[in-house]
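Heads up, the thing below is written out as structure tokens.
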Amino acid sequence: MKNHILAAAVALIALPGLANAAEVFENWNVEKADGRCTAWTKPASVDGEQREGAYLSIVNIPGEGIKNSVAFAFGKTGAGKAQASATVDGKTFELLTFDTAAFAASGSPEAELISAMRRGAETSVNWTEADGSISKDTYSLKGFTAARDKIDSDCR
């Protein structure tokens with residue numbers, strides 16, 4: 001668990017800026033910098049509280065042993081007090097929250113989420129905050145497989 005949280009925090013830090021993608025694969029952007037490869041996208045739609053910084057990313061950092069680290073960024077502080085779950089084509093994945101993001105547990109749960117994302121058309125994450133308010137971010141998966149293949153080939 002400790003290594004997963006460290007990988008998750010590194011994955012969030014790894015996003016250079018979300019504005020300057022080196023390559024675009026439909027709805028997904030890919031960047032490579034400082035030995036890190038990141039594929040990311042912003043929500044196609046948001047239900048509930050509007051948050052400017054929400055995004056979904058997958059990161060490879062070979063020098064640190066990180067591969068296919070998936071992060072859902074909440075887009076505001078306080079996500080660590082929230083509960084979150086992701087849904088891809090009707091299958092729900094429980095997520096671990098940490099700081100301002102949520103992650104699938106490393107190993108089999110993360111691999112199953114990525115596999116579903118490769119086959120799916122969209123994924124959504126439901127955030128339930130401590131006060132009971134709920135937000136839902138929906139992300140298009142068009143281009144996800146090509147973007148993931150690119151970061152896998154660039155950062156083995």
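The table that follows gives values for the structure above.
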item	result
Residue within the range 93-106 that is closer than 17 Å to residue 51 by Cα and at pLDDT 95 or above present	no
Matching entry among 6, 12, 18 (being surrounded by fewer than 22 Cβ atoms within 10 Å (Cβ to Cβ), in a loop (DSSP other than H, G, I, E, B) and either modelled with pLDDT of 80 or more or not acidic (Asp, Glu) (or both))	18
Residue count for the range 101-123, restricted to those that are out of contact with any His (no Cβ under 9 Å at 6 or more places or on another chain) and either surrounded by fewer than 20 Cβ atoms within 10 Å (Cβ to Cβ) or farther than 21 Å from residue 39 by Cα (or both)	12
Residue match in the range 140-149 (condition: surrounded by 17 or more Cβ atoms within 10 Å (Cβ to Cβ), within 14 Å of residue 45 (Cα to Cα) and at pLDDT 95 or above)	yes
Test for residue 63: is it more than 16 Å from the chain's Cα centre (by Cα) and closer than 19 Å to residue 129 by Cβ	no
The lone exception for residue 45 - which of (1) under 14 Å from the mean Cα position of the chain (by Cα); (2) more than 15 Å from residue 154 (Cα to Cα) it fails	(1)
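The values are calculated or read from the model by the stated rules, or taken from the named source; none is laboratory data. Worth saying up front: this structure is predicted, and the values here are computed from it rather than measured. Every residue, glycine as well, gets a Cβ built from its backbone with ideal geometry; the counts of neighbours run over all protein chains shown.
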